[in-house]
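The structure appears below as structure tokens.
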Amino acid sequence: MKNIAILASGSGTNAENIARFFGEGNKIRVALVITNRKKAGVIGRMEGLGIDVEYVPNIVWDNDPQQVVELLRSRDIDLVVLAGFMHYVSPVILAAYPDRVVNIHPSLLPAYGGKGMWGHHVHEAVVAAGETESGVTVHYVTEVFDSGEIVMQQRVPVLPDDSPESLEERIHKAEYELYPRAIVAALGRIPSEEEAGAAVESESAVEASAPPAVPKSVDEEWAEVLKVRYEPSEASVPPPVPGAGTGLPPQSQPQNMVAGQSVAAMPDREPMPPTFLLWSMLVTLCCCFIPGIAAIVFSSMVSTRYGRGDIEGAKRASRMAEIWIIVSFCLGVLTASLYVPLSLV
Ligand code: GAR
């Protein structure tokens, strides 16, 4: 049995679809859902399916991501699956789960990815640009937003009278079809313990002539999972993108097949500007409350904006947090310096 953890921030229709898809089999199961939003719709959906949900606030994702790693390890998670998760995934988590974190994006990446491109914003931009085609991409998560090797893609037509909402609906249907297959493919690429051990041995071998590592073929079990669980596509959804998946219709597609091409190189992202969260909290408690709260609000906006690829916005929020910390500190000092002489009178 392979365990997956789903990270979700919103409605959670993909999470529900994945949980139902694998729910009846005995090869893969959704062992845990983690959300960063207390009121996320995904929580109710998982309750109905008897799947554990953990709420992990943004402050933990930003300041103590090792807690998330421990949580994943405690549930013996093999693959981390982002389904509408709207927060930056720390390099600490990515390092603990190398090539084991995947994300779904509602466009044919690299098109319509990056800054501000998430959820309905993508569909609004696609319709506004008069595109005739959009799609869905499942890719590995890296430190660079919406980058990482593509696991699978699927094209979706944009119809002449489409609104962002009608396109979103069609894209969602394609997502429900593609994501379970991509999850099976990603799980199939994880080397078994013996293979991992063999790879370490061959790396440390002195002989320069050591044979190259053989790519893992799809385990029969995964093919079986698909045969049992995968249902054919709707007529409205065309087969996966040739050259991005395999171009073969879904049922005949080798399940360990990946895009074989990386997303066009994206420039390295600047490091996240400082959040000043600790200082914000300190001045709120020790100096002046109201500007301190403003500082906390801006501090928490830094990572949210950075996570969405809005680097400039993150920098602005960081500067604002700094300003409000100074205001809070100055007002605190002023109040104290007035209070002490007055209290002596
Ligand atoms: C999905 O369409 C997913 O592709 C998108 O959010 C939606 C979540 O829907 N993700 C992104 O835009 C990531 N950049 P859901 O909560 O109903 O599964």
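Could you run through region 3-19 and say how many residues are within 13 Å of the ligand (Cβ to nearest atom) and either within 19 Å of R75 (Cβ to Cβ) or assigned to a helix (DSSP H, G or I) (or both)?
11
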**OP:** Could you tell me whether E24 is touching a residue at least 40 places away in the same chain (Cβ under 8 Å), away from the ligand (no atom under 16 Å from the Cβ), of a type in the set (D, E, K, R) and surrounded by fewer than 22 Cβ atoms within 10 Å (Cβ to Cβ)?
**Re:** yes
Original post:
Given the conditions (1) assigned to a helix (DSSP H, G or I); (2) farther than 22 Å from A314 by Cβ, and given that V68 satisfies all but one, which numbered condition is not satisfied?
Top reply: (2)
Subject >> Tally, over region 48-83, of residues that are free of Cβ contacts under 8 Å to residues at least 60 places away in the same chain and touching a Gly at 6+ places or on another chain (Cβ under 8 Å) >> reply: 1
Original post:
Within region 306-324, is even one residue open to solvent by 50 Å² or more (accessible area, probe 1.4 Å), over 29 Å from the mean Cα position of the chain (by Cα) and under 30 Å from K115 (Cβ atoms)?
Top reply: yes
**OP:** Taking V92 as the residue in question, decide whether it is hydrophobic (A, V, I, L, M, F, W, C), part of a helix (DSSP H, G or I) and over 24 Å from H139 (Cα atoms).
**Re:** no
Original post:
Which one of the conditions (1) within 20 Å of I59 (Cα to Cα); (2) in contact with a Ser or Thr (Cβ under 9 Å, 6 or more places away or on another chain) does E322 fail to meet, given that it meets all the rest?
Top reply: (2)
Subject >> region 101-142, residues that are more than 10 Å from the ligand (Cβ to nearest atom), surrounded by fewer than 21 Cβ atoms within 10 Å (Cβ to Cβ) and closer than 20 Å to D162 by Cβ >> reply: A111, E124, A125, V127, A128, A129, G130, E131, T132, E133
Subject >> Pairs with Cβ under 7 Å, 6+ apart, first in region 305-326 and closer than 12 Å to P291 by Cβ and at pLDDT 85 or above, second β-branched (V, I, T) and part of a loop (DSSP other than H, G, I, E, B) >> reply: A321/T275
**OP:** Please indicate, with yes or no, whether at least one residue in region 157-168 is away from the ligand (no atom under 12 Å from the Cβ) and of a type in the set (G, A, S).
**Re:** yes
Original post:
When you go through (1) part of a strand (DSSP E or B); (2) under 19 Å from L7 (Cβ atoms) one by one for V156, which number turns out not to apply?
Top reply: (2)
Subject >> Among (1) more than 24 Å from W118 (Cα to Cα); (2) charged (D, E, K, R); (3) within 9 Å of the ligand (Cβ to nearest atom), the one test that R29 misses >> reply: (3)
**OP:** Pull up region 32-63, narrow it to residues that are more than 13 Å from the ligand (Cβ to nearest atom) and of a type in the set (G, A, S), then point me to the one that is modelled with the lowest pLDDT.
**Re:** G48
**OP:** Check off (1) assigned to a loop (DSSP other than H, G, I, E, B); (2) more than 15 Å from the ligand (Cβ to nearest atom); (3) modelled with pLDDT of 55 or more for E201 and give me the number that stays unchecked.
**Re:** (1)
**OP:** Could you tell me which numbered condition V218 fails, if it satisfies all but one of (1) part of a loop (DSSP other than H, G, I, E, B); (2) at pLDDT below 60; (3) surrounded by fewer than 13 Cβ atoms within 10 Å (Cβ to Cβ)?
**Re:** (3)
**OP:** Please go through region 69-100 and pick out each residue that is open to solvent by less than 60 Å² (accessible area, probe 1.4 Å), within 12 Å of the ligand (Cβ to nearest atom) and among the hydrophobic types (A, V, I, L, M, F, W, C).
**Re:** V81, L82, A83, F85, V89
Subject >> Among (1) hydrophobic (A, V, I, L, M, F, W, C); (2) within 20 Å of N3 (Cβ to Cβ); (3) surrounded by 16 or more Cβ atoms within 10 Å (Cβ to Cβ), the one test that L49 misses >> reply: (3)
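The values are calculated or read from the model by the stated rules, or taken from the named source; none is laboratory data. None of the values given here were measured: they were computed from a predicted structure. Cβ sites come from the backbone with ideal geometry, for glycine too, and all protein chains shown count toward neighbours. Ligands, DNA and RNA are stripped out before the accessible areas are found, and what is left, the full protein with its side chains, is counted by its heavy atoms. Shrake-Rupley method; radii C 1.70, N 1.55, O 1.52, S 1.80 Å.
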